[in-house]
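A quick write-up on the structure given underneath.
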Amino acid sequence: MNIQKTVTSFLKKHRNFIFFLVLAFAGVLSTLYVEYRFQYEQFRWLATRIFFASFAIVLYGGLPKKFRKEQRRKVNFILISFVFLYVLNLLANLINVYHLDEYQAVRDFCTSSPKTCQTIVNTFFKLKLYRFVSLTSYFFSYVIFFLIGLLFSEEIYKKAADLLKNLPRVKLEYAWLFYLLLIYLVFQQLIFVFSTISKRVISVFGTLDTPYEQRWEATMGGRYSFGWMWTYMEFINNHTAENTIILIPDQAAPWEMEGNPFYTRWFIYPRRMVQLDENREIPTEADIALITYGIFGHNKEVFPTITIPEENIAEIVLIDRSTLEVTTIMDAGFDPEDYQDDWGFIRFRKK
Amino acid sequence: MTLLITILIHTCLLGNGYLMALVLGIKNKIEAVGIAYLLGSGAVSLLFLLNRWLFGLALDGGNFVLSLVMVLAVCLLIIHRREGSFNSLIDGLKLSRPVSLEKIVSFENLLVTMLLIIFSYSFLQNYFLPITDWDSLALYDFRAKVIERTGEMSEGIELGYFFQYPPYTSFLHSFSYIFGIERAKVAYSFIYGSLLMGFYALLKRRQKKWVALLGALTLATDISIFEHSIIAYNNLAYLTFIALGLIYLWFWLLDSQKKDLLVGVLLVGLSTWVRASEPFWALAAVIILLKIFRERKQFRLGILSLLSLWLIYKFWGAYTKHLYVLYNDQVALEKKSVVEKLLARQHSVAAVIGNFKQVTLYFWENVLAVIRPLAPVLGLSVLADLYEKNKNNLLLLIVFLGLFVMIWAGTYVFSLFYDTWDLIGGSLQRVSMPLIPLACFLIFNNSMWNKKLIEKR
């Protein structure tokens, strides 16, 4: 009976603290679990996890001052450690530790000291350090903003309480609900924004070696994605005069990009475009026709979809998507069957 | 060198705008810097086209420099005429107090640091990566490329899909291209910075520093706003002009300060120089008319403001009409406006009513997608204001609801003309973005924060 009474009074006395611990652990542990189990689904239970953290921050500000003062150094230490680990993680991703052999200095080092180099590689895999490198920015943001929230929760709590105590009419519980939801909103947005910044800084860094005008390709997912549009159109620009009239496909799958005249004109201006006429024939004013396999869609098809006799063709110029090597074919007709997954253009013979 | 020239171009616009803010009576330096880029870029881009139209100057570097000098000269002349010297200008350029290094680890400084990190990221991304956004390539950036090459816009008649939106953002791109600078996207970081600083300064008028900073941080990290700070669409610029303009006019409603009316009208007017298809500017006209007729104060100034609002609104339409006449583009000249189309088309009552439910649901789904994160906190704020009978905030709520109704009505009218009306979800969400800064202002200025209001009572 006595024990039950003691436990009840202990729980009653420390209910806020216990509640805080439960929420904080639930938040951090569930985040760790998501990180471990569902690394590519960072939004899993995110709303609930953020709610745990926000509620814990609000409660922490209301705990006894003495307790918070004692914890301050520990929280500071954990925060600094996490920021340090986060910076390390960011740097490891920035330099892409899995492809260090791309750096000349690393190659030189490994040639001169192969043993040391091998030991480092072995340690990396033995200690499973790759697990650390692949930790997501969501994980770091969650913990860092939670700790920052704890450090400033007293101040936020005081400031909020200072304002709220002046409220003669609005009920205090209502005001605290507003305060909690606001922290939830800010916390959620901060995690999203800072995680996005981390990820994008890495991708921006990855493009810096490329000249500015060529970054379009990398920014749009690379040569085997939408980025091909820029490289392909640059090839067209480099092989045609500014007054060239280009036959482009209709704006239908799989040519949604290169078949959209208002989109494509940005790449080839001041060259002009035409599309097949109502009889599905090539307009006479066309100087060249794109040979495209469709940049956007999945149901690939070659354009032009029709056969063009040899007497109408001056040359067929192709570009290799992988090597960018250019091949010119003379004295040949065009049959779409022979140009699957090919890119280039047909220069028409003008009569 | 590229970075230097990029910063120089945008700093010139910012500097001009700062002088304009001083001329308009904005004394608070943060507020003046906050709206400086908007005023400077707006005025210079307007003059850039006016010089083309009136004096036949090419849209090139010379015209840009001339436009800058014209704004600068007018501002300096007004300051000198008003005060007899440039002392106030020199004072305006001084820092009001040295930056204190005390209490570096404070809540306010933490918020400032976060805002700086977010802004820096936007700048870096916009500086290092090229424009890849679909609509920008199809129109806004393409126009800038044509301007850079030809020094004019008439080729747009032949090219098609060229004059649908006013050229503000295209001109911002051209200002870089005509000096051989490719990094045109940096302009969007300046607009993003202006939105945050302007919002902070306006909120700071009523709230404590930390509340205003928290409000600015909430706005900066709103997913839609943050994403638009790194893409070359005109929606961020539009919402910045219209939302800050409406907040200024709200301040004018409350405090009747001339400067708020002038800046508010200018910003709302310039919003039509960014996008003219949304009639949100009409809200500003209604606010001004209501105030001047109800209070019979500042009547002349109010009418003059309305006139300038109307002139800026009409400018782009008049210029494109002039081009169509010059190049005899009958198709464009005979094109009817939406209102004309609406009056001309006979819609049956059943057809009009039939769409009501579908449009409302579609509207709700998309608009809610934009303000969903803010909705619970906004709801509590509005309830608190209603409970406290906070008339000031409720006035801003009416403006917010006015925008809300206009967006719904716009979607509804669109649905009467186009069968594809329910495929414009993305556009509808972008059009709804001006609601975000207004919602944030309502949240951070509600009765629960407002100590002054409580003390007064």
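For the range B:392-409, the condition of being surrounded by 14 or more Cβ atoms within 10 Å (Cβ to Cβ) and either within 11 Å of chain A (Cβ to nearest Cβ) or in contact with a His (Cβ under 9 Å, 6 or more places away or on another chain) (or both) holds for none of the residues. Just one of the listed residues (B:217, B:262) is under 24 Å from residue A:190 (Cβ atoms) and more than 13 Å from the chain's Cα centre (by Cα), and it is B:217.
I need a count of the residues in the range A:198-209 that are free of Cβ contacts under 8 Å to residues at least 24 places away in the same chain and either within 10 Å of chain B (Cβ to nearest Cβ) or crowded, with 20+ Cβ neighbours inside 10 Å (or both). Show your work before the answer.
At the first step, the residues of the range A:198-209 found to be free of Cβ contacts under 8 Å to residues at least 24 places away in the same chain are A:200, A:203-204, A:207-209.
Among the residues that remain, those that are also either within 10 Å of chain B (Cβ to nearest Cβ) or crowded, with 20+ Cβ neighbours inside 10 Å (or both) are: A:200, A:203-204, A:207-208.
So the answer is 5.
Number of residues in the range A:7-45 that are surrounded by 13 or more Cβ atoms within 10 Å (Cβ to Cβ), assigned to a helix (DSSP H, G or I) and modelled with pLDDT under 80: the value is 2.
Could you list, in sequence order, all residues of the range B:384-407 that are at pLDDT below 90 and in a helix (DSSP H, G or I)?
Taking the range B:384-407 first, the residues at pLDDT below 90 are B:384-393.
Correct list: B:384, B:385, B:386, B:387, B:388, B:391, B:392, B:393.
The number of residues in the range A:157-187 that are more than 7 Å from every other protein chain (Cβ to nearest Cβ), closer than 13 Å to residue B:214 by Cβ and modelled with pLDDT under 75 comes to 1. Annotation for the range B:419-426: no member residue is in a helix (DSSP H, G or I) and within 26 Å of residue B:286 (Cβ to Cβ).
Rundown of residues vs (1) over 23 Å from residue B:260 (Cβ atoms); (2) in contact with a helix residue (DSSP H, G or I) (Cβ under 9 Å, 6 or more places away or on another chain); (3) of a type in the set (A, V, I, L, M); (4) in contact (Cβ under 8 Å) with a residue 24 or more places away in the chain, yes/no style:
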position: B:1; (1), (2), (3), (4): yes, no, yes, no
position: B:6; (1), (2), (3), (4): yes, yes, no, yes
position: B:21; (1), (2), (3), (4): no, yes, yes, yes
position: B:25; (1), (2), (3), (4): no, yes, no, yes
position: B:39; (1), (2), (3), (4): no, yes, yes, yes
position: B:42; (1), (2), (3), (4): no, yes, no, yes
position: B:72; (1), (2), (3), (4): yes, yes, yes, yes
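Any chance you could count how many residues in the range B:220-246 are more than 13 Å from residue B:288 (Cα to Cα), part of a helix (DSSP H, G or I) and more than 14 Å from chain A (Cβ to nearest Cβ)? Spell out the reasoning first.
Taking the range B:220-246 first, the residues more than 13 Å from residue B:288 (Cα to Cα) are B:220-244.
Now restrict to residues that are part of a helix (DSSP H, G or I): B:220, B:223-228, B:235-244.
With more than 14 Å from chain A (Cβ to nearest Cβ) added as a condition, the list becomes B:235-244.
Final tally of qualifying residues: 10.
Just one of the listed residues (B:416, B:442, B:453) is part of a helix (DSSP H, G or I), modelled with pLDDT under 90 and within 14 Å of chain A (Cβ to nearest Cβ), namely B:453. Just one of (1) surrounded by fewer than 22 Cβ atoms within 10 Å (Cβ to Cβ); (2) outside any helix (DSSP H, G or I); (3) in contact with a Phe, Trp or Tyr (Cβ under 8 Å, 6 or more places away or on another chain) fails for residue B:206. It is (3). Just one of the numbered conditions (1) crowded, with 19+ Cβ neighbours inside 10 Å; (2) more than 14 Å from chain B (Cβ to nearest Cβ); (3) farther than 21 Å from residue A:301 by Cα; (4) touching a Phe, Trp or Tyr at 6+ places or on another chain (Cβ under 8 Å) is not true of residue A:217: (2).
From the list A:94, A:90, A:85, A:127, exactly one residue is exposed (fewer than 11 other Cβ atoms within 10 Å of the Cβ) and within 24 Å of residue A:143 (Cα to Cα). Which is it?
Selected residue: A:127, the only one of A:94, A:90, A:85, A:127 that is exposed (fewer than 11 other Cβ atoms within 10 Å of the Cβ) and within 24 Å of residue A:143 (Cα to Cα).
Within the range B:289-299, being assigned to a helix (DSSP H, G or I) and either modelled with pLDDT under 90 or closer than 14 Å to residue B:395 by Cβ (or both) holds for B:290, B:291, B:293, B:294, B:295, B:299.
Restricting attention to the range A:247-263, does a residue exist that is in a helix (DSSP H, G or I) and within 8 Å of another protein chain (Cβ to nearest Cβ)? Within the range A:247-263, one or more residues are in a helix (DSSP H, G or I) and within 8 Å of another protein chain (Cβ to nearest Cβ). For the range B:143-155, filtered to residues that are in contact (Cβ under 8 Å) with a residue 24 or more places away in the chain and more than 21 Å from the chain's Cα centre (by Cα), the residue that is nearest to the other protein chains (Cβ to nearest Cβ) is B:145. Just one residue in the set B:213, B:172 is in contact with a helix residue (DSSP H, G or I) (Cβ under 9 Å, 6 or more places away or on another chain), crowded, with 23+ Cβ neighbours inside 10 Å and away from chain A (no Cβ under 14 Å); that residue is B:172. Just so you know, in the range B:129-142 the residues that are touching a residue at least 40 places away in the same chain (Cβ under 8 Å) and closer than 21 Å to residue B:426 by Cα include one that is nearest to the other protein chains (Cβ to nearest Cβ), and it is B:141.
Taking the options B:79, B:35, B:90, name whichever one is in contact with a helix residue (DSSP H, G or I) (Cβ under 8 Å, 6 or more places away or on another chain), farther than 29 Å from residue B:178 by Cα and not acidic (Asp, Glu). Spell out the reasoning first.
Numbers: B:35 fails: farther than 29 Å from residue B:178 by Cα; B:90 fails: in contact with a helix residue (DSSP H, G or I) (Cβ under 8 Å, 6 or more places away or on another chain).
Selected residue: B:79, the only one of B:79, B:35, B:90 that is in contact with a helix residue (DSSP H, G or I) (Cβ under 8 Å, 6 or more places away or on another chain), farther than 29 Å from residue B:178 by Cα and not acidic (Asp, Glu).
Pairs linking a residue in the range A:289-311 that is over 13 Å from residue A:345 (Cα atoms) to a residue that is among the basic types (Lys, Arg) and assigned to a loop (DSSP other than H, G, I, E, B), with Cβ atoms under 6 Å and 6 or more positions apart or on different chains, are A:294/A:300.
Entry remark, the range A:264-284: residues being of a type in the set (D, E, K, R) and either within 14 Å of chain B (Cβ to nearest Cβ) or not in a loop (DSSP other than H, G, I, E, B) (or both) number 3 in total.
Could you count how many residues in the range B:115-128 are over 23 Å from residue A:211 (Cα atoms) and within 7 Å of another protein chain (Cβ to nearest Cβ)? Don't jump to the end; show me each part of the working.
From the range B:115-128, those over 23 Å from residue A:211 (Cα atoms) are B:115-119; that's our starting set.
In the following step, the residues that additionally are within 7 Å of another protein chain (Cβ to nearest Cβ) were identified as B:118.
Adding up the residues that qualify gives 1.
The values are calculated or read from the model by the stated rules, or taken from the named source; none is laboratory data. Keep in mind that what you see is a predicted model, and the values were worked out from it rather than measured. Cβ sites come from the backbone with ideal geometry, for glycine too, and all protein chains shown count toward neighbours.
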